[in-house]
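The values are calculated or read from the model by the stated rules, or taken from the named source; none is laboratory data. Please read all numbers here as calculations on a predicted model, not as lab measurements. No Cβ is skipped: glycine too gets one built from the backbone with ideal geometry, and neighbour counts run over all protein chains shown.
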Amino acid sequence: MNDSVREYGLLGVSCTAYPGHAAAVAHVKTLIERGTRGYTVAINAEKIVRSQDDPVFRRLVENAALRVPDGAGAVLALRLLCRVRSAKVDFPKAVLEAVAGLGERARMAVIGATEESHQGAIAEIRRRYPGIRIVMNRSGFVAEGELLRELQDTRPQVCLVAMGTPKQEQFAMRAVEAGVPCLFVGCGGALDILSGHAVRAPGWMVDNYLEWLYRLMQQPSRWRRQSVLPVFLGRLLTAWIRRQLS
């Protein structure tokens, strides 16, 4: 199997495979140093199925500068359809480590979450990564025009955006179109986890691809979103069988 960092096509969605966390950190450093503009999308089973069924959402995913494997579904699809082993990447963590490692060479912005959660996350980021350079940080309850003006003034090279999908990707797309020269990284609930307002699944559940079950136990209302998992598995199995027969 090829373990290099490269992009693969799976079920109509492109996704970059990473052999491990260190490779993701190194890749982010390279993207920042190259001045990459655009936004990232974290790929999971739900987004793969939605991309197949929703043309508007598919275009949002296709226009991304980078698509990273965020869920067990993406990792499994990469392995079965592309014969490549990829890590399930904690991309916000990789971004924070990359920015901290670059020191004064990297400018970072953080947007999203409630004011309380946001400030708690910023304090925790600065505690964990003392070398990080945050040039802008605002909660998710600030007018978009104000956010865009501040982004244009501070000119970060990378920005974490915690607004949930697809809102965070749509905001990032509009920011890039407005001329903000930045790589926007959608990070969903990462700020809530950093601030202690939410708890990530135990390591053994993450390692065994059971994070979805932990989230369901914490938020039973997620069953509607996770009902897409059997659909994804059915489509993945069908695609795998066709490849075996071809």
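Here are some notes:
Residue-by-condition table, conditions (1) in contact with a Pro (Cβ under 6 Å, 6 or more places away or on another chain); (2) among the basic types (Lys, Arg); (3) over 17 Å from residue 40 (Cα atoms):
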| residue | (1), (2), (3) |
| --- | --- |
| 140 | no, no, yes |
| 152 | no, no, yes |
| 163 | no, no, no |
| 168 | no, no, no |
| 182 | yes, no, no |
| 189 | no, no, no |
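- Tally, over region 174-191, of residues that are in a helix (DSSP H, G or I) and surrounded by 21 or more Cβ atoms within 10 Å (Cβ to Cβ): 3
- A single member of 64, 77 is among the small types (Gly, Ala, Ser) and either without any contact (Cβ under 8 Å) to a residue 24 or more places away in the chain or part of a helix (DSSP H, G or I) (or both), and it is 77.
- Region 164-173, residues that are buried (at least 19 other Cβ atoms within 10 Å of the Cβ) and among the hydrophobic types (A, V, I, L, M, F, W, C): 171, 172
- Of the residues contained in region 188-198, one or more are found to be in contact with a strand residue (DSSP E or B) (Cβ under 9 Å, 6 or more places away or on another chain), modelled with pLDDT under 95 and of a type in the set (A, V, I, L, M, F, W, C).
- Test: residue in region 114-128 that is touching a helix residue (DSSP H, G or I) at 6+ places or on another chain (Cβ under 6 Å), assigned to a loop (DSSP other than H, G, I, E, B) and crowded, with 17+ Cβ neighbours inside 10 Å: no
- Filtered residues of region 31-56 (kept if assigned to a helix (DSSP H, G or I) and either among the polar types (S, T, N, Q) or closer than 15 Å to residue 232 by Cβ (or both)): 45, 46, 47, 48, 49, 50, 51, 52, 53
- Selected residue [at pLDDT 95 or above, under 18 Å from residue 29 (Cα atoms) and touching a Leu at 6+ places or on another chain (Cβ under 6 Å)] from 95, 99, 110: 110
- As a summary of the residue check, residue 160 satisfies the conditions (1) under 18 Å from residue 35 (Cα atoms); (2) in a loop (DSSP other than H, G, I, E, B); (3) in contact with a strand residue (DSSP E or B) (Cβ under 6 Å, 6 or more places away or on another chain) except for the one numbered (2).
- Here residue 86 meets each of (1) surrounded by 18 or more Cβ atoms within 10 Å (Cβ to Cβ); (2) in a helix (DSSP H, G or I) with one exception, condition (2).
- Among the residues making up region 143-160, a single one is surrounded by 12 or more Cβ atoms within 10 Å (Cβ to Cβ) and free of Cβ contacts under 8 Å to residues at least 12 places away in the same chain: 149.
- For first residues located in region 1-16 and at pLDDT 90 or above, partners that are surrounded by fewer than 14 Cβ atoms within 10 Å (Cβ to Cβ) and in a strand (DSSP E or B) and lie 6+ apart or on another chain with Cβ distances below 6 Å form the pairs 14/7; 16/7.
- The number of residues in region 12-45 that are over 25 Å from residue 107 (Cα atoms) and either polar (S, T, N, Q) or crowded, with 20+ Cβ neighbours inside 10 Å (or both) comes to 7.
- Scanning region 163-173 for residues that are aliphatic (A, V, I, L, M) and not in a loop (DSSP other than H, G, I, E, B) yields a count of 2.
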